[in-house]
Amino acid sequence: MKRSRSAAAVALIVPLHKMEIEATDDVVPMGGVARQPSMPRVQRNLSKSSSNLSRSWAEHVDASEIGDLEAELQAIAVAPSMPFEAIVHIKNNSATLNLISPWKVLGPQTSTGTGFHIGKRRILTNCHVVKDATSLRVSRHGTPGNFDATVLCQSHICDLALVTVAEDEFWEGLPAVRFQDAVPDLDDTVCAVGYPLGATSVTLTRGVVSNVKMSDLSLTDLQECQLNVQIDAAINPGNSGGPVFNQRSGEVVGVAFSGRPDAKGQGFIIPTPVVRNFLATYEATGSFGRLPDLGIRGQILTNNSMRRLLIGGGTRPRHHDGILITCIDQYSAAEAAGVLAGDILMAIDGHAISEEGEVVFRGHERVEYQYLITSKQCGDQVELSLLRSAANTAKSADTTVTKKKKRVVDLTKLAASLAEPTPITLPVKLAPTRELCPRELYKDYFPEFALIGGLVFVIAGLPLLEQCLHSRGMHELIGSLTELIGSKESDLTKSGEEGDDDDEDDDKEEDGEGGDRAQALLCSSCLAHDVNEGFRDFVGCRLLRINGKRVKNLAHLVELMAPYMAGLAEGQGKEASSTATSKEPAPTTPPNQEDAAAAPSKDWVVLNFYSHEESAVFETQTLRAATPTILQQHKIPSWTSLPPPQG
């Protein structure tokens, strides 16, 4: 911890820091061409100030503080200059895919950002700087010419990306930055350097570290939280991806990634531990996927009655550690390790977890306990220290208890016995949690679709929600997606309907058909045609069944619909079938829901939706006749983006 200075010492250091700033400003003039600072002049001035320090202020400042100030001034005098030549300007020409109508592309856009050379012919920047790039151009500071660049790796979760340039000319004489190992201390002076607001030469803003906390770096509040550093220096559009230097050492302490419109002059940076984890994962795997997660949901234990019941065996414990594990996610790392709902999580790798779910970060700083998990890589092992009740001990040994019951806590049984819990330790191999809705575009989320009549069905996922939030008139989809995001894969069977013959025992579900991943399918739009009359209200609804058969994922939908769409091969949307539309369908009797569930008819297609009493019904001949016309009118190449099922 830094020792606080006296008022006299603070009054003394202000003009000295002002002189330091004036000397540093020589590094990058407003003209944008870097020149070396006059270090001998700076050193002479600082040395002179240091020698006069004890004579002028000895009567006001403590002797130990004089020594500290002299050491600080000496460090400033010999501090290396920041390598501005390592900073590059990035121009991104992008085209975003329309995830609501995946056969379309949104209008092209142009944006700029900042990056910097980290060695090995790699440029580090933000993921959102290079997102959806169709053409990426980079240029060096103070050097004419721009070069074509390609993305090596990007992570929306960390908001980091690696870029490289094929031409050797770009790398000639380009220095690389050095990273600081530790997160900067509070009150450390840092400098954010980049190309904000359309600037063509680097600009610099200076501030101090004001806070270190955990937050979602994707800015969606839906991803895992990671370390985040707040500084009181402005981070403007265009600064994104630029380095933030420690003014004293000239080392990079983080990557600028966000400002706040409601907090003028404040900025946020991604600290070096997150950067190193991203780079280490890329080195090991060639990509960056999901962050590790225990797969538990917890409740803080600040209530004295709960602490007496769960930890003290009827008496209040003297310590303030431990949170209650209320739920275990199916297929999670915690479930595989044998963690049970109702266990008390006391520590991870020996780091005590407080009753509010926090751990000591350094000194008196505290952060959420998830820091101990997301700072590691998938496949790493941690040791959990738990308190386990007698009821949970019996449950773990009882082979007749289903896994589903082990994943949910029942405090009424714990209240029946006030026996003091037993401490245990469990090793856990970290892995991502399997959510029902995928999280990252082109990694676990792919923009596929299927068309039934004029109803367009897409896969529910976080990228779709983010695009809907930036679009108009998407309130139906936003409501459904918000409810689904965060659901686990096992939630696929939770339809809330009684007597569902497709609902299987929870333990059998793990060995489902072919190990296919579950997907939630939403109706994203209703394309205008007579065949869809009255079906507009199904937009935003989640598909449950087709002719009584529960739909597991989009591939399963295509498999179920393939017999009805036979003959409508790829390319049928280019011209409508006049012969098909001229024929009147044979009159048949539409099936009701019970009949469809018992024996699906080839003459009718009945769609049922979650939490929706109404159904959508299509006559097969009418559906087949209308589909080519709908495809042609809306320039859709095929009724599905997936390949037809074989056989």
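Read the figures in this text as sums done on the coordinates, not as results from a lab. Note that the coordinates shown come from a computational prediction; the quantities given were computed from them, not determined experimentally. Heads up, the Cβs are rebuilt from the backbone with ideal geometry, glycines too, and the neighbour counts pull from every protein chain shown.
Overview of results
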{"read-out": "Total charge dipole magnitude, region 229-384, about the Cα centre, Cβ charges on Lys, Arg, Asp, Glu only, Debye to nearest 20", "value": "360 debye"}
{"read-out": "Additional length obtainable on full extension of the chain from K635 to E613, 0.36 nm per residue less Cα span", "value": "4.7 nm"}
{"read-out": "Inter-probe distance in nm under a simple model that places probes 7 Å from Cα toward Cβ, at H364 and K120", "value": "4.1 nm"}
{"read-out": "Gain on full stretching of the segment that runs from H320 to T96 - 0.36 nm per residue minus C-alpha separation", "value": "75.7 nm"}
{"read-out": "Residues with amide H under 5 Å from that of E251, placed H, sequence gap 5 or more", "value": "N246"}
{"read-out": "Stokes-Einstein translational diffusion, region 96-150 - Kirkwood Rh over all Cα pairs, 0.692 mPa s, 37 °C, in µm²/s", "value": "248 µm²/s"}
{"read-out": "Directionally averaged shadow of region 110-249, computed from the convex hull of its alpha-carbon atoms, nm²", "value": "8.8 nm²"}
{"read-out": "Backbone HN-Hα couplings from phi across region 128-141 [Karplus 6.51/-1.76/1.60, Hz, Gly and Pro as x]", "value": "6, 6, 10, 4, 6, 5, 9, 8, 10, 10, 10, 9, 8, 5"}
{"read-out": "Formal net charge of residues neighbouring V202 (Cβ-Cβ distance under 12 Å; K, R +1; D, E -1)", "value": "0"}
{"read-out": "Under the Karplus curve 6.51 cos²θ - 1.76 cosθ + 1.60, θ = phi - 60°, whole-Hz ³J(HN,Hα) for region 223-238, x wherever Gly or Pro sits", "value": "9, 5, 8, 9, 4, 8, 10, 9, 10, 9, 10, 5, 10, 9, x, x"}
{"read-out": "In order through region 295-308: 3J(HN,Hα) via Karplus (6.51 cos²θ - 1.76 cosθ + 1.60), integer Hz, x for Gly, Pro", "value": "x, 10, 10, x, 10, 5, 10, 8, 7, 5, 5, 5, 5, 5"}
{"read-out": "Mean projected area (nm²) of the alpha-carbon convex hull when region 241-395 is viewed from all directions", "value": "12.9 nm²"}
{"read-out": "Mean Cβ neighbour count within 10 Å, used as a protection proxy, ranking 465-478, 228-241 highest first", "value": "228-241, 465-478"}
{"read-out": "T143/A336 FRET efficiency (R0 60 Å; Cβ-Cβ; nearest 0.05)", "value": "0.70"}
{"read-out": "Separation in nanometres of the label points that stand 7 Å from Cα toward Cβ, at F446 and E169", "value": "3.9 nm"}
{"read-out": "Distance in nm between pseudo-label sites at S135 and T110 (7 Å out along the Cβ direction from Cα)", "value": "0.9 nm"}
{"read-out": "Total formal charge among the other residues, if their Cβ is under 11 angstrom from that of L222, Lys/Arg +1 and Asp/Glu -1", "value": "-4"}
{"read-out": "Charge dipole (debye, nearest 20) of region 140-269; +1 at Cβ of Lys and Arg, -1 at Cβ of Asp and Glu", "value": "400 debye"}
{"read-out": "Spatial separation of Cα centroids for region 612-640 and region 376-407, in angstrom", "value": "49 Å"}
{"read-out": "Efficiency of FRET from Cβ geometry, A562 and Q377, R₀ 51 Å, rounded to 0.05", "value": "0.80"}
{"read-out": "G242 long-range amide H proximity, modeled H, under 5 Å", "value": "T114, A256"}
{"read-out": "Length gained when the stretch S81-R308 is fully extended (0.36 nm per residue, less Cα-Cα span)", "value": "75.9 nm"}
